[in-house]
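Quick note: the coordinates plus some simple rules give every number you see, no bench work behind them. None of these values were measured; they are calculated from a predicted model. Neighbour counts are summed over all protein chains in view; Cβ atoms, including those assigned to glycine, are modelled from backbone coordinates with ideal geometry.
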Number of protein chains: 2
Amino acid sequence: MKLSKRMTEMPYSAIRKLTPYAVAAKEKGKKIYHLNIGAPDVRTPDEFYRAIREYNVSTLTYAPSQGIPELLEVTSKYYKGKNMDFEPEDLVVTAGGSESLLFCLLALCDPGDEVLTCEPFYTNYVSYFYETGVTFNTFPTKVEENFKLPSKEDIEKAITEKTKVILLSNPGNPTGAVYTKEELERIGEIAKEHDLFIISDEVYREFIFDGAKFVSFASIPGLEDRVVIIDSISKRFSACGARIGCVATKNKDLTSIFIKLATGRLAAPTLEQVGAVALYQMDDSYFKEVNEEYQKRRDCIYEELMKIDGVYASKSAGAFYTMASLPVDSADDFARWMLEEFDVDGETVMMAPAAGFYQHEEKGKNQVRLAFVLNCEDLKRAMFILGEGLKAYQK
Amino acid sequence: MKLSKRMTEMPYSAIRKLTPYAVAAKEKGKKIYHLNIGAPDVRTPDEFYRAIREYNVSTLTYAPSQGIPELLEVTSKYYKGKNMDFEPEDLVVTAGGSESLLFCLLALCDPGDEVLTCEPFYTNYVSYFYETGVTFNTFPTKVEENFKLPSKEDIEKAITEKTKVILLSNPGNPTGAVYTKEELERIGEIAKEHDLFIISDEVYREFIFDGAKFVSFASIPGLEDRVVIIDSISKRFSACGARIGCVATKNKDLTSIFIKLATGRLAAPTLEQVGAVALYQMDDSYFKEVNEEYQKRRDCIYEELMKIDGVYASKSAGAFYTMASLPVDSADDFARWMLEEFDVDGETVMMAPAAGFYQHEEKGKNQVRLAFVLNCEDLKRAMFILGEGLKAYQK
């Protein structure tokens, strides 16, 4: 009576695999600064809760499989404001960015087909590669270069005859990289020459620092039929628990497959869609305020990290992660030690060891991903604890 | 630039494939009685909405991947009251019964493995067979026998060397069958002899008529390691739009794979879990009342159907579906015609053609699945319209 090979072999999420140690630490009364997971402390706008409170139906029925029309409408409007030309009928509402990726991989790849992505990549992608039976390959990007994309030739070296899709997150998780128009066009050219689809995970679209401008794959002419956008309200509106995302594409055949998939699982949650409508109806000042807050946090964590002996961190241009290399042999061992053995006045820090974000795990062996999702004061305290921890660990 | 073979070949849901015709009919001002989909008109208990309204958090964070502890706790208590011995740690909360099935198939089967189920089966299972790359085979059950399970020998005829799992819904969707303890033991014996898992979809557990007693696969001794229960609050509490379900098993290795899968998609929706906690805390009088209402509806639809010339219907023992064979060549054509061409004073009926519920589609060609999810008055009116429609169609 054996369980499946595919799931037995699937690795645990690198972001959450230390959770049992965190639980044990909390049971001992330790306070933990959670920098391991992109769960912001920013307030979910009241508009969300209010819309749900005021939604007055006697029976909570299935929403339409494609999503409630009001949500398709406001999401389309939001995209048009971002120079992304999606009509309501180009969208399918999903149970978060996670289901969006599942739908994309199922719709674009058969088992054995290959996905090309950059290294490091968002580690949870791997779960979906296993679930859908696709393989993956990577081209390298480097912390010293702030994770910019390599040359066309270097990317093409990683393409095989099985490659079907290029998958990128932009702004990058875990890299914090924000790709320039020129970088997107480079990918677009490769996609056209090798007849590939592009899945662009843009859930951090609003988190762009230093006055840079975000360019979406959906606004690059000539790629309309090849591009699918993965999106989610989780980070944008600090509503991770809502589990509302979407897929967006101008490729009609693809949309019709997405609808078929959406119909198979009946619907995304109704109330959360109602709340999401209200979020998209807020005016842009919300984004401005949140963006400023995250830029402050980015500055704060970067400065504090660079003060610690032997630590090198990337200065994130977007999203809310920074990758840091630490003066340890194994960031995995160190991160566990921080939870199990170390504290400063009863407080410690939880980080995501970065090996799981690499295809070649040894490349990320001494790195961690830090999510700057806490306010500056907490971040400073967390970085102080990290610094003290490193000193103690090295002895 | 081709989309995947697996998704291109996946059929549309038999329950919703007529939706475009229903939309067009509504646009013309027709009123439609929806008997095609198991979306009850019964009120979702106020407890659900109240708990969500009163849940006061500033940031809507991810729930724990396994589910919020309170929900695991009350669900475990609910099971124990049903003679199903599940502890909180035996459960993983899912985004509805749909995700439960996805998790089960991924965890138990590799691509090419086979699932054995009865015919007719719940048609949406097929979407998940395609998504997970498993094949399926069936043994027949018959409307004239109220869909009881065939003999051990007849079931074993459908087992192949690829068979890994027996999947049954109990009470049955679309059959309305409720299996006896003896029938469950028969399946259990087969599972042990052929070393198979049993996935038991029990989302209609509370809908049992004529004073019968429901027996769960989880209460049959000796099967603990082989049985997984698929569950959902959708039908139980008339909360389809919440998308909250769970998987339950005593097999620890399997639970640990479920947790890995749950972690990959991060979490099920938070607010809906909070609402679900309140639902499970209600006392049993709720179920009694709802059960009486559905029994009345079952009686009502059965009586009305049997009055129509040439119609034969099963008398459902549970769930809220009845299968009816109609005096037409193609129930598919007829159901579409009812939406496109027919009405009585501007009203018509939508049904799920049953061919998609069969592996051998011709067996269900003249059958429809009717969900008795409307009150008796509406059901009577709908059956009147169906009768008139049949008369007009036969001319």
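The table that follows gives values for the structure above.
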| quantity | calculated |
| --- | --- |
| Length gained when the stretch B:Thr180-B:Thr160 is fully extended (0.36 nm per residue, less Cα-Cα span) | 4.7 nm |
| Per-residue HN-Hα couplings for the range A:65-80 [Karplus 6.51, -1.76, 1.60; θ = phi - 60°; Hz; x = Gly/Pro] | 4, 6, x, 6, x, 4, 6, 4, 5, 6, 5, 4, 4, 4, 4, 4 |
| Net charge dipole size for chain A [Lys, Arg +1 and Asp, Glu -1 on Cβ; Debye, nearest 20] | 700 |
| Residue order, fewest to most beta carbons within 10 Å, for B:Cys300, B:Cys376 | B:Cys376, B:Cys300 |
| Equivalent-ellipsoid semi-axes of chain A, from the Cα gyration tensor, Å, largest first | 33, 26, 21 |
| For B:Lys142, distant residues with modelled amide H under 5 Å away | B:Phe147, B:Lys148 |
| Relative contact order (percent, whole number), chain B, Cα cutoff 8 Å, 6+ residue spacing | 25 |
| Rounded to whole Å, sorted largest first: equivalent-ellipsoid semi-axes of the protein assembly as shown, Cα gyration tensor | 46, 28, 25 |
| Cleavage-rule hits, trypsin sites (Lys or Arg not before Pro), the range B:212-313, DSSP coil, Cβ neighbours within 10 Å at most 13 | B:Lys213 |
| Under-5 Å amide H pairs with B:Phe136, H placed in peptide plane, nonlocal only | B:Val115 |
| GNM result for chain B, Cα springs below 10 Å: residue of B:Asp225, B:Asp210, B:Asp90 fluctuating most strongly | B:Asp210 |
| Residue among B:Asn83, B:Gly67, B:Pro45 farthest towards the positive dipole end of the range B:26-96, charges placed on Cβ | B:Pro45 |
| Whole-Hz ³J(HN,Hα) from phi, Karplus 6.51 cos²θ - 1.76 cosθ + 1.60, for the range B:321-326, glycine and proline x | 10, 10, 9, 10, 9, 10 |
| Of B:Tyr12, B:Tyr122, B:Tyr62, the one that fluctuates the most in a GNM where chain B has Cα springs shorter than 10 Å | B:Tyr62 |
| Euclidean distance between Cα centres, the range A:116-188 to the range B:204-237, Å | 46 |
| Under-5 Å amide H pairs with B:Thr348, H placed in peptide plane, nonlocal only | B:Lys31, B:Ile32, B:Tyr33 |
| Full-stretch length increase - A:Glu347, A:Lys5 - with 0.36 nm per residue and alpha-carbon distance subtracted | 119.1 nm |
| Fewest-first ranking of A:Thr175, A:Thr19, A:Thr94, A:Thr59, using other Cβ atoms within 10 Å as the exposure measure | A:Thr59, A:Thr19, A:Thr94, A:Thr175 |
| Cysteines without a disulfide-compatible partner [chain A; Cβ-Cβ under 4.7 Å] | A:Cys104, A:Cys109, A:Cys118, A:Cys240, A:Cys246 |
| Top positive-direction residue, dipole computed over the range A:295-395 with Cβ charges, set A:Ala317, A:Met338, A:Pro353 | A:Ala317 |
| A:Lys26 paired with B:Val23, simple spin-label distance in nm, labels 7 Å along Cα-to-beta-carbon | 4.3 |
| Simple spin-label estimate for B:Lys315 and B:Lys152 in nanometres, 7 Å along Cα-Cβ | 3.1 |
| For the range A:119-170: relative contact order, % (alpha-carbon pairs under 8 angstrom, 6 or more apart) | 36 |
| Peptide-level mean, for B:254-261, of C-beta atoms on other protein chains within 10 Å | 4 |
| Within the range A:314-395: Cβ-based charge dipole about Cα centre, in debye rounded to nearest 20 (Lys, Arg +1; Asp, Glu -1) | 400 |
| Per-residue ³J(HN,Hα) for the range A:99-104, Karplus 6.51 cos²θ - 1.76 cosθ + 1.60, θ = phi - 60°, Hz, x for Gly and Pro | 5, 4, 5, 4, 4, 4 |
| Label point 7 Å beyond Cα along the C-beta direction, distances from B:Gly29 to other copies (nm, shortest first) | 7.5 |
| Net charge dipole size for the protein assembly as shown [Lys, Arg +1 and Asp, Glu -1 on Cβ; Debye, nearest 20] | 260 |
| Average Cα contact separation per residue, the range B:235-370, under 8 Å, 6 or more apart, as relative contact order % | 16 |
| Counted charge near B:Leu379, where neighbours are those whose Cβ lies closer than 11 Å (Asp, Glu -1; Lys, Arg +1) | -1 |
| 222 nm mean residue ellipticity, helices alone, for chain B (DSSP H n ≥ 4; -39,500 (n - 2.57); rounded to 500) | -12000 deg cm²/dmol |
| For chain B, built as a Gaussian network whose Cα springs stay under 10 Å, the top-fluctuating residue of B:Gln367, B:Gln295, B:Gln281 | B:Gln281 |
| Antiparallel bridges, percent of DSSP beta bridges restricted to the protein assembly as shown (to nearest 5) | 45 |
